[in-house]
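Reviewing the structure listed below.
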Amino acid sequence: MRGARRTSTIAAVAAVAALALAACGGDGGEPESSGSGGADEVEVFTWWAAGSEKAGLDALVKVFDEQHPDVTFVNGAVAGGAGSQAKDLLQTRLQAQDPPDTFQAHAGAELQDYIDAAQIEPVTDLYDEFGLTDAFPPDLMDRLTADDGEIYSIPSNIHRANVVWSNRQVLTDAGIDPDATYADLSAWMDDLEKLKAAGVTPLAVAQAWTQVQLLETVLLADLGADGYSGLWDGSTDWAGPEVKAALEDFQTLMGYTNTDRDGLDWPESQQLVIDGKAAFTVMGDWAEASYEEQEQELGTDYSAFPVPGTDGVFDFLADSFTLPVGAPHPDGAKAWLETVGSAEGQEAFNKAKGSIPARTDVDMSTFGEYQQSAAESFQGDTIVSSLAHGAAVPVATLTAITDATSKFTSGASDLAAFQSELAAANAG
């Protein structure tokens, strides 16, 4: 899931262009459907090549080998570029009608580009075959269902985007209660101002996609769940005063961030907090693995809580796997999808990766403290779709929003122009 979060604007533009070409049909003909053979192997295309992501993939492969010993797993992971290289290569292969047997993508609106280009097949029937319809919560099923009523992927996990991570010692040293709770962004900003006055970086961020993630959580905090969701269905006016007020809060928060942000990716900005060089950061809960790897203890070394103003709302994203049109080993792909959706596969994968299972019937008692709390929130909170991570909008829209955000945070546009460009990005 992290790959698209870290995809550069250039890579996103290239992806859209490649999808558009593929939609036209490179040879002028209709794309071929997946064949009926090929159960002896499966090429699984991901960007999970290092760290907790690779650990999660390895754990999932172990379950796959146990469940499908006659199918050989072929690791198609592409390292480098924080996922952008994988996405670029995937588009090249799809356009050339040389797809992998299955590939990683974010559940939600991000899949629409592949659907429109006729590059992936529905897997709706597999939900009945594998018993997934009752295993996944209704809110998730709604987000997995495309406009045509079909489902095009099976999620391997659930992540939450609206999480604040803090260094408790930094807060204590600045005279701030590390257990403080904040009713809204304004209350949080009061402590950010204290940190700034104390010479501490209040809020760590990194390159553009992390700034877009911060933006989405500000919109969610100020507009509420319904108002935020209305940004994507047209019921909330991007040009309205409520959005303007939220953008003003975003501008204020960016004033508390590190000046080297555009040269960093999320692990580096997260490390600023872990190392005590910054007090807070807003990052999805894949960051939990960073603390576990460095033997940090929740409640002792760090805290994690919903972005102020978003308590009771779960900003959702999910990694998922698809069935490409023309997959050379479709039966192998279906075997992989079965493992991805299974309780055993989801338990093993998510324990290693730091996310939570999409299934509601997995025993969470052996998971970490944060993951247990996230699972409770996912089942009880209002769920909304993440902007920065492919759930709320298609790639082209996200690219335009990212461009507008980069211009604004780099000083190349003012707030009025920023709001206008955001409205234009969502006008289609």
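The values are calculated or read from the model by the stated rules, or taken from the named source; none is laboratory data. Not measured: the values here are computed from a predicted model. Heads up, the Cβs are rebuilt from the backbone with ideal geometry, glycines too, and the neighbour counts pull from every protein chain shown. Remember, those area values only see protein heavy atoms, side chains included, never the ligands or the DNA or RNA. Shrake-Rupley method; radii C 1.70, N 1.55, O 1.52, S 1.80 Å.
Summary table below
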| quantity | calculated |
| --- | --- |
| Number of the condition not met by Asp184 [criteria: (1) touching a residue at least 24 places away in the same chain (Cβ under 8 Å); (2) within 21 Å of the chain's Cα centre (by Cα); (3) open to solvent by 30 Å² or more (accessible area, probe 1.4 Å)] | (2) |
| Selection within segment 358-373 - open to solvent by 10 Å² or more (accessible area, probe 1.4 Å), touching a residue at least 24 places away in the same chain (Cβ under 8 Å) and within 15 Å of Gly341 (Cα to Cα) | Arg359, Thr360, Asp361 |
| Residue identified as part of a helix (DSSP H, G or I) and under 21 Å from Ile151 (Cβ atoms) among Ala333, Ala396, Ala348, Ala416 | Ala333 |
| Filter result for Asp414 (surrounded by fewer than 17 Cβ atoms within 10 Å (Cβ to Cβ) and not basic (Lys, Arg)) | yes |
| Checking Thr339 against (1) at pLDDT 95 or above; (2) in contact with a Ser or Thr (Cβ under 7 Å, 6 or more places away or on another chain); (3) buried (at least 24 other Cβ atoms within 10 Å of the Cβ), the condition it does not meet | (2) |
| Selected residue (criterion: most open to solvent (accessible area, probe 1.4 Å)) from residues of segment 88-110 that are among the charged types (D, E, K, R) and in contact with a Gly (Cβ under 9 Å, 6 or more places away or on another chain) | Asp98 |
| Sole residue being closer than 13 Å to Ala358 by Cβ, among the basic types (Lys, Arg) and at pLDDT 95 or above, chosen from Arg160, Arg93, Arg168, Arg143 | Arg160 |
| Matching entry among Ala183, Ala206 (being under 13 Å from Thr310 (Cα atoms) and part of a loop (DSSP other than H, G, I, E, B)) | Ala183 |
| Elements of type helices (runs of 4 or more DSSP H) in segment 217-301, at least 2 residues being acidic (Asp, Glu) and without any contact (Cβ under 8 Å) to a residue 60 or more places away in the chain | none |
| Selection within segment 389-428 - under 22 Å from Ala117 (Cα atoms), in contact with a Phe, Trp or Tyr (Cβ under 7 Å, 6 or more places away or on another chain) and among the aliphatic types (A, V, I, L, M) | Ala391, Ala392, Val393 |
| Residue that is surrounded by the fewest Cβ atoms within 10 Å (Cβ to Cβ) [pool: residues in segment 145-169 that are under 21 Å from Val123 (Cβ atoms) and hydroxyl-bearing (Ser, Thr, Tyr)] | Thr145 |
| Out of Thr210, Thr236, sole residue that is of a type outside the set (Gly, Ala, Ser) and touching a Gly at 6+ places or on another chain (Cβ under 6 Å) | Thr236 |
| Scope segment 315-333; condition surrounded by fewer than 23 Cβ atoms within 10 Å (Cβ to Cβ) and of a type outside the set (Val, Ile, Thr); matching residues | Gly326, Pro328, Asp331 |
| Residue under evaluation Phe316, criteria (1) in a strand (DSSP E or B); (2) of a type in the set (Phe, Trp, Tyr); (3) at pLDDT 95 or above, criterion not met | (3) |
| From the options Arg160, Arg168, residue that is in contact with a helix residue (DSSP H, G or I) (Cβ under 8 Å, 6 or more places away or on another chain) and either within 18 Å of Thr310 (Cα to Cα) or not polar (S, T, N, Q) (or both) | Arg160 |
| Positions within segment 374-394 being open to solvent by 30 Å² or more (accessible area, probe 1.4 Å) and out of contact with any strand residue (DSSP E or B) (no Cβ under 8 Å at 6 or more places or on another chain), in sequence order | Glu376, Gln379, Gly380, Pro394 |
| Number of the condition not met by Gln85 [criteria: (1) open to solvent by less than 20 Å² (accessible area, probe 1.4 Å); (2) closer than 27 Å to Asp265 by Cα] | (1) |
| Filter result (under 22 Å from the mean Cα position of the chain (by Cα) and open to solvent by 10 Å² or more (accessible area, probe 1.4 Å)) within segment 235-256 | Met254 |
